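Mind looking over this structure? Questions follow.
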Amino acid sequence: QVQLVESGGGLVQAGGSLRLSCAASGRSLSTYTMGWLRQAPGKEREFVAAISRSYITYYTDSVKGRFTISRDNAKNTVYLQMNSLKPEDTAVYYCAARAGGRATMTYEYDYWGQGTQVTVSS
């Protein structure tokens, strides 16, 4: 069992930056693919970014070039650096873990954090 806790969300103006963190406990994250997904009000939860056990990263098109996912297995933590934020990035951001390879669908993830709110004002 893996417990995930996100932090780092908040209110930022358009064009600004935030860094989300996801701290894990219970098991080492080194054996998991880690992802960030988000859910905006009235919308389905969607994939944002993921990093594999071998540090391969992949992103949804709307955040490519602006967001960077990284992991520090020694700290059992995953990060999402978000730059050039836009109002459409406003959502609750969730950290998730998958005991397997590449995953871009919500149902593919096995463990979830409680989420952290990101609000981008125009």
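The values are calculated or read from the model by the stated rules, or taken from the named source; none is laboratory data. Everything numeric in this text was worked out from a predicted model, so none of it was measured. Cβ placement follows ideal geometry from the backbone for every residue including glycine, while neighbour counts extend to all protein chains displayed. Accessible surface areas use protein heavy atoms only, side chains included; no ligands, DNA or RNA. Shrake-Rupley method; radii C 1.70, N 1.55, O 1.52, S 1.80 Å.
So which residues in the range 22-62 are of a type in the set (D, E, K, R), over 15 Å from MET105 (Cβ atoms) and surrounded by 14 or more Cβ atoms within 10 Å (Cβ to Cβ), if there are any at all? Talk me through it step by step, then tell me what you get.
Within the range 22-62, the first condition is being of a type in the set (D, E, K, R), and the residues that meet it are 27, 38, 43-46, 53, 61.
Now drop any that are not over 15 Å from MET105 (Cβ atoms), which leaves 27, 43, 53, 61.
Selection gives ARG27, ARG53.
OK, next. Among the residues of the range 87-122, which ones are closer than 17 Å to SER30 by Cα, among the charged types (D, E, K, R) and crowded, with 18+ Cβ neighbours inside 10 Å?
Result: ARG98, single match.
Can LEU37 be described as modelled with pLDDT under 95 and within 12 Å of ALA96 (Cβ to Cβ)? Steps first, answer last, please.
Working: modelled with pLDDT under 95: no; within 12 Å of ALA96 (Cβ to Cβ): yes.
In short, no.
Right, here's the next one. Give all pairs with beta carbons closer than 8 Å in which a residue from the range 66-84 that is over 17 Å from GLY115 (Cβ atoms) and among the acidic types (Asp, Glu) meets a residue that is in a strand (DSSP E or B) and open to solvent by less than 20 Å² (accessible area, probe 1.4 Å); count only pairs at least 6 apart in sequence or on separate chains.
Listed pairs, sorted by first residue: ASP72/VAL78.
Let me ask something additional. Considering only the range 1-17, state which residues are open to solvent by less than 30 Å² (accessible area, probe 1.4 Å) and not in a loop (DSSP other than H, G, I, E, B). Write out each step before concluding.
Applying the first criterion (open to solvent by less than 30 Å² (accessible area, probe 1.4 Å)) to the range 1-17 yields 2, 4, 6, 10, 12, 16.
Within the range 1-17, LEU4, GLU6, GLY10, VAL12 qualify.
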